[in-house]
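One structure is given here, and the rest of the page talks about it.
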Amino acid sequence: MCRNIKRLSNFTPPASDEEVHDAALQYVRKISGATKPSTANQAAFDAAVEAVAAATTELLNNLVTTAPPRTREEEAAKAAIRSEKRFGPKAA
């Protein structure tokens, strides 16, 4: 089960449709408690993912910020530093 939905706002380049879909899928999985819905629930699950993705896209398109855009590389480096502080250095 996914435990982390990544920030998508204020990036250069902007979040792709795939990134938005993946975040929507993570959200619906978390809320439903199912990583793979049953056949009976598949249509509802898929509709929810599409609705969340559409709402996310609308939100991202309408957000206004004065902060400078982030880059994925900088955010990945920050995450690596946080991970090393939390878990220690990676074994070789």
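The values are calculated or read from the model by the stated rules, or taken from the named source; none is laboratory data. What you are looking at is a predicted structure, and each value in this text was computed from that prediction instead of being measured. Reconstructed Cβ throughout: ideal geometry from the backbone, glycine too, with neighbour counts over all protein chains shown.
Just checking, which of 39, 56 is within 14 Å of the chain's Cα centre (by Cα), modelled with pLDDT of 95 or more and not aromatic (Phe, Trp, Tyr)? Steps first, answer last, please.
Details: 39 fails: within 14 Å of the chain's Cα centre (by Cα).
Result: 56 is the single residue among 39, 56 that is within 14 Å of the chain's Cα centre (by Cα), modelled with pLDDT of 95 or more and not aromatic (Phe, Trp, Tyr).
Using beta carbons and a limit of 9 Å, which pairs, at least six apart or on different chains, have the first residue in region 21-35 and free of Cβ contacts under 8 Å to residues at least 60 places away in the same chain and of a type in the set (Ser, Thr, Tyr) and the second one part of a loop (DSSP other than H, G, I, E, B) and surrounded by fewer than 18 Cβ atoms within 10 Å (Cβ to Cβ)?
Here the result reads 27/2; 27/5; 35/1; 35/2, each pair linking region 21-35 to a residue that is part of a loop (DSSP other than H, G, I, E, B) and surrounded by fewer than 18 Cβ atoms within 10 Å (Cβ to Cβ).
So which residues in region 24-51 are polar (S, T, N, Q) and either more than 19 Å from residue 6 (Cα to Cα) or surrounded by fewer than 13 Cβ atoms within 10 Å (Cβ to Cβ) (or both), if there are any at all? Show your work before the answer.
Of all residues in region 24-51, those polar (S, T, N, Q) come to 26, 32, 35, 38-39, 41-42.
Answer for region 24-51, where residues must be polar (S, T, N, Q) and either more than 19 Å from residue 6 (Cα to Cα) or surrounded by fewer than 13 Cβ atoms within 10 Å (Cβ to Cβ) (or both): 35, 38, 39, 41, 42.
Answer yes or no as to whether residue 15 is exposed (fewer than 10 other Cβ atoms within 10 Å of the Cβ) and hydrophobic (A, V, I, L, M, F, W, C). Break it down stepwise before answering.
Numbers: exposed (fewer than 10 other Cβ atoms within 10 Å of the Cβ): no; hydrophobic (A, V, I, L, M, F, W, C): yes.
Against the criterion (exposed (fewer than 10 other Cβ atoms within 10 Å of the Cβ) and hydrophobic (A, V, I, L, M, F, W, C)), residue 15 does not qualify.
Being within 20 Å of residue 55 (Cα to Cα) and either out of contact with any Asp or Glu (no Cβ under 9 Å at 6 or more places or on another chain) or part of a helix (DSSP H, G or I) (or both) is true for just one of 23, 34. Which residue is that?
Details: 34 fails: within 20 Å of residue 55 (Cα to Cα).
The conditions single out 23.
Return only the number of the condition from (1) at pLDDT 95 or above; (2) assigned to a loop (DSSP other than H, G, I, E, B); (3) not aliphatic (A, V, I, L, M) that residue 50 does not satisfy.
Condition not satisfied by residue 50: (2).
Looking at (1) assigned to a helix (DSSP H, G or I); (2) surrounded by 12 or more Cβ atoms within 10 Å (Cβ to Cβ); (3) free of Cβ contacts under 8 Å to residues at least 40 places away in the same chain; (4) not aromatic (Phe, Trp, Tyr), which one does residue 56 not meet, given that it meets all the others?
The failed condition is (3).
Tally the residues that are closer than 18 Å to residue 9 by Cα and not in a helix (DSSP H, G or I), restricting the search to region 65-92.
Residues that pass the stated criteria total 7.
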